[in-house]
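The values are calculated or read from the model by the stated rules, or taken from the named source; none is laboratory data. Quick caveat, the model's predicted, so the values are computed rather than measured. Cβ atoms come from the backbone with ideal geometry, glycine included; neighbour counts cover every protein chain shown.
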Amino acid sequence: MPDDKQASRVKLSYRTIEKIQRTLLLTPGVLLYSVFNFIPLLMLFYLSLVDWPGIGPKEFVGLDNFAKVLTQPYYRDQMINALLQNVIFFTVIIGCFLIIGTGLALLLSFRTYGRKTYQVLFFLPYPMAGAAVAYLLDLFVHPRGPLNAALTQWGLADAPIPFLGSEDTSLITMALFYSWHRMGFAIILILSGILAVRTDLLEASMLDGASRWQSIRHVVFPVLGPAFILITVIVLVDVFNNADYILLIMGPEAGPLRSTDIMGTFLFRTAFGGSADTTDTNFGLAAAIGLLTALMILPAAIFLALRNLRKT
Amino acid sequence: MKLIKKTLVLATAAATLATSHLAFAESTTVEMYSWRIQDEALIDYINEKNLIPGVQINLNVYTEDIESKLRIDMQTNRPDLYHAKAGSAWMQPWIDAGVAAPVSDLGIDMSAFGEAALAGATGSDGQVYGVPFVMQMESILYNKSVLTTEPTNLEELEATFEDLKAQGIVPLHVDGRDGWYLNQVLHETLLAGLTSDEWAQGVVEGTACFTDDIYVDAMARFKSWQDKGYLNPNPMADDYGAMRTGVALGTSAMMIDGIWSATPASPMYQIDPELQLGYMAIPGSANKVYGFTDAHLAYNPQSDDIEAVEKVLEFYASPMFAQLFADLVEAVPASNYPVDVNNERVQMASEMIANNSLVAQPFFADSLISVDPGYRPLVSEGLQELLAGKITPRGLAEKIQSGLNQSDYIGAANCAL
């Protein structure tokens, strides 16, 4: 009996065992990914081929939903508008994260007085619920809110500025809300990148006579590339798929005059109806919009991810 | 001692089981979904007094997006009953899904309801899909501490606007942000005050057009109020809450809104518990308010407790319900039963709805809302553009008309641009 056991053990080569171990380690992840990502993705494709108000029988319409979004002026114009505004929304947010976030992370990396307190302060908004942040910031920028009171009191504005009531300012204001709320996340990622810079490299650069700025530019920044790419990919995927602040503050109509409409609000409005009309809903059309959005951001996300992999 | 304790525990458990079994045997609990938080006290009262023998109602209130909640829960056959919004377009998906059925299937007596009340609960097939229970009125609502005398015509209204503006008070506060407010409240109240029954009936039937002078003039008059500074400075920056807050605080004198804002559950009374609100039509050529059935009680024909459902529907159609509704919700019941109303506001609203409301209701008309793009989004988008100065009143009229004409609107040929 012991000989048999030994014989069976001998049969498995190291490579085979390694394969089994790898398979066993991968299985939970693959299963979870399949159940929660891949199968829903296939279902989404099926859903995009039907006309369905969310309840009752589904009517198979083939590729009509895609044709509707891409060719019917009423929907096509909304999608183009939402896509362009989404690009602006993303650009403002990523600009804030990479410029302000890097600046703040650098300041936090210096051994300055009260550094820990600042770290806590910068990170404080991040764990707050999106709904609470949206509500507070809406009150903050309201024509009768504290920001406008301060601006008019200090003579910086003659009359209250309708930050969320004007087509010119509402999208940027919403992007700044998002940036303020999630800045802590960007700072932490960038800060961890900065702290990972080998101190001997910094010391060497200083011994060679580099100033603080030169050390940052030539030693720290090159190491921050992967952190920047990670932030860009996460924000890209997030802002093209979600629209929590805009839905909470401006509603599915994404006013004023659809000036805050992005892909997430367009998709939500198509699936669940807008506040102007809750009866015109089509989950199939919304699924088609979701798939088109995924196709639009996929190349950029893959490119950035691959670039990141090559660098690491 | 241990034995006594054990015996006592067992006896208590047995007694509890027996009592609970008795309770289950005595009454059935039905699930009801609603967005109407103001009805909670009424349902509690009905349950407490056992007014529907053998039936308890568990009211679940979802103030936001009840449609999504219904879509999800109907997959698992919940709820048994639900408050439904007026109009056949709202009912159609539920009818198609088999979770709404005509009340005639259960033999509910609907003889106490007039044509106007039943219109909101009628599907596109002409069948009645629920028991209407509340009428609403949309008009000018004003803060009585700011505006003491009601103007009787447009000239007087505009003179009042001018006086209020000179005092630094916003004469008419408008929510320019919410699509539902713009098309369902503001636009329809403007129609009721400034157009006519004939014209409104005409657009529903396709014999009148939005490009007619009567409509363009009405919108031009409204726009002139904004141009003269009678509206809040940035309507697009103000939402529904900001509008009601302005009037409750007295920094704004009037708003165009539904009478639901004046019920005890309204947040306006949290701002000022002593607030006194007055109501009047826009005193234009029609000088009418906009009255409509706001909600009806629909039922799920696949409910496991269909007998209990039937009892609740019968109760909603009874004179006792009408009286309780007027007393406890302080709103206008939809049935024609004589109701002893002590509340001045309910009394006034019922009289205004009965005697002075616009006959046709474009917002609920199948001919206007079942087309794609429909009347509702076209109006809300157009009104926002008007308030933003992007289009003229005639441009608004043409936008609505051309949008409707693109689809199968009944009056497309008659109103070709």
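Is it fair to say A:Pro162 is within 14 Å of chain B (Cβ to nearest Cβ) and part of a loop (DSSP other than H, G, I, E, B)?
When the stated conditions are applied, A:Pro162 passes them.
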| message | Whether any residue in segment B:169-179 is farther than 30 Å from B:Ala397 by Cβ and either not in a helix (DSSP H, G or I) or not acidic (Asp, Glu) (or both) is what I want to check. | response | yes
| With (1) at pLDDT below 95; (2) farther than 25 Å from A:Val239 by Cβ; (3) not polar (S, T, N, Q) as the list, and A:Ala105 as the residue in question, which single condition is left unmet? | (2)
| request: Filter segment B:98-122 down to residues that are within 14 Å of chain A (Cβ to nearest Cβ) and modelled with pLDDT of 90 or more, then give me how many there are. | output: 4
| query | Of everything in segment B:210-235 that's within 23 Å of A:Arg144 (Cβ to Cβ) and either aliphatic (A, V, I, L, M) or away from chain A (no Cβ under 14 Å) (or both), which residue is surrounded by the fewest Cβ atoms within 10 Å (Cβ to Cβ)? | reply | B:Asp227
| note | The correct count of residues that are farther than 12 Å from B:Leu51 by Cβ and polar (S, T, N, Q) in segment B:319-336 is 2
| remark: Of B:Ala248, B:Ala253, the only residue that is away from chain A (no Cβ under 14 Å) and either buried (at least 19 other Cβ atoms within 10 Å of the Cβ) or hydroxyl-bearing (Ser, Thr, Tyr) (or both) is B:Ala253
| note | Restricting attention to segment B:39-89, the residues that are away from chain A (no Cβ under 14 Å), in a helix (DSSP H, G or I) and under 24 Å from B:Thr122 (Cα atoms) number exactly 1
| query | Within segment B:93-107, can you find the residues that are in contact (Cβ under 8 Å) with a residue 60 or more places away in the chain and either acidic (Asp, Glu) or surrounded by 18 or more Cβ atoms within 10 Å (Cβ to Cβ) (or both)? | reply | B:Trp94, B:Val99, B:Ala100, B:Ala101, B:Val103, B:Asp105
| said: Only one of A:Leu107, A:Leu136 is in a helix (DSSP H, G or I), closer than 30 Å to B:Tyr240 by Cα and without any contact (Cβ under 8 Å) to a residue 24 or more places away in the chain. Can you tell me which? | reply: A:Leu136
| Can you list the helices (runs of 4 or more DSSP H) found entirely within segment A:176-277 that contain at least 3 residues being away from chain B (no Cβ under 14 Å) and free of Cβ contacts under 8 Å to residues at least 40 places away in the same chain? | A:199-207, A:212-215, A:221-241
| query | When you look at B:Asp39, is it of a type in the set (Asp, Glu) and surrounded by 19 or more Cβ atoms within 10 Å (Cβ to Cβ), yes or no? | reply | yes
| said: Yes or no: segment B:363-381 includes at least one residue that is surrounded by fewer than 19 Cβ atoms within 10 Å (Cβ to Cβ), more than 20 Å from B:Glu138 (Cβ to Cβ), in contact with a helix residue (DSSP H, G or I) (Cβ under 9 Å, 6 or more places away or on another chain) and free of Cβ contacts under 8 Å to residues at least 12 places away in the same chain. | reply: no
| Can you name every residue in segment A:42-57 that is part of a loop (DSSP other than H, G, I, E, B), within 14 Å of chain B (Cβ to nearest Cβ) and buried (at least 16 other Cβ atoms within 10 Å of the Cβ)? | A:Trp52, A:Pro53, A:Gly54, A:Ile55, A:Gly56
| task | Might you let me know whether segment B:250-268 holds any residue that is touching a Pro at 6+ places or on another chain (Cβ under 7 Å), among the small types (Gly, Ala, Ser) and either modelled with pLDDT of 95 or more or outside any loop (DSSP other than H, G, I, E, B) (or both)? | result | yes
| query | Applying the selection to segment B:283-297, what residues are under 19 Å from the mean Cα position of the chain (by Cα) and closer than 16 Å to B:Leu141 by Cα? | reply | B:Lys288, B:Val289, B:Tyr290, B:Gly291
| task | Select from segment B:170-205 the residues that are more than 14 Å from chain A (Cβ to nearest Cβ), out of contact with any helix residue (DSSP H, G or I) (no Cβ under 8 Å at 6 or more places or on another chain) and under 23 Å from B:Ala237 (Cα atoms) and list them in ascending order. | result | B:Thr189
| message | Please go through segment B:359-417 and give me each residue that is among the acidic types (Asp, Glu) and under 17 Å from A:Gly274 (Cβ atoms), ordered by number. | response | B:Asp372, B:Glu381, B:Glu385
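In segment B:348-386, what count of residues is obtained for those that are within 14 Å of another protein chain (Cβ to nearest Cβ), assigned to a loop (DSSP other than H, G, I, E, B) and more than 17 Å from the chain's Cα centre (by Cα)?
Result for segment B:348-386: 5.
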| Of all the residues that make up segment B:387-406, how many are within 11 Å of another protein chain (Cβ to nearest Cβ), in a helix (DSSP H, G or I) and either modelled with pLDDT under 90 or more than 19 Å from B:Glu138 (Cβ to Cβ) (or both)? | 2
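Yes/no matrix, rows are residues, columns are (1) assigned by TED's automatic domain parsing to the domain that holds B:Phe210; (2) more than 24 Å from A:Ser166 (Cβ to Cβ):
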| position | (1), (2) |
| --- | --- |
| B:Ser370 | yes, yes |
| B:Leu383 | yes, no |
| B:Leu386 | yes, no |
| B:Gly389 | yes, no |
| B:Ala397 | yes, yes |
| B:Leu417 | no, yes |
| message | Quick check on segment B:136-147. Is at least one of its residues crowded, with 19+ Cβ neighbours inside 10 Å, assigned to a helix (DSSP H, G or I), more than 14 Å from every other protein chain (Cβ to nearest Cβ) and in contact (Cβ under 8 Å) with a residue 24 or more places away in the chain? | response | no
| task | Could you please find all residues in segment B:343-388 being within 25 Å of A:Gln78 (Cα to Cα) and among the polar types (S, T, N, Q)? | result | B:Ser367, B:Ser370, B:Ser380, B:Gln384
| said: Pull out all pairs, ordered by first then second residue, where Cβ-Cβ is under 6 Å, the residues are six or more apart or on different chains, the first lies in segment B:170-186 and is modelled with pLDDT under 95, and the second is among the charged types (D, E, K, R) and assigned to a helix (DSSP H, G or I). | reply: B:Asn183/B:Arg376
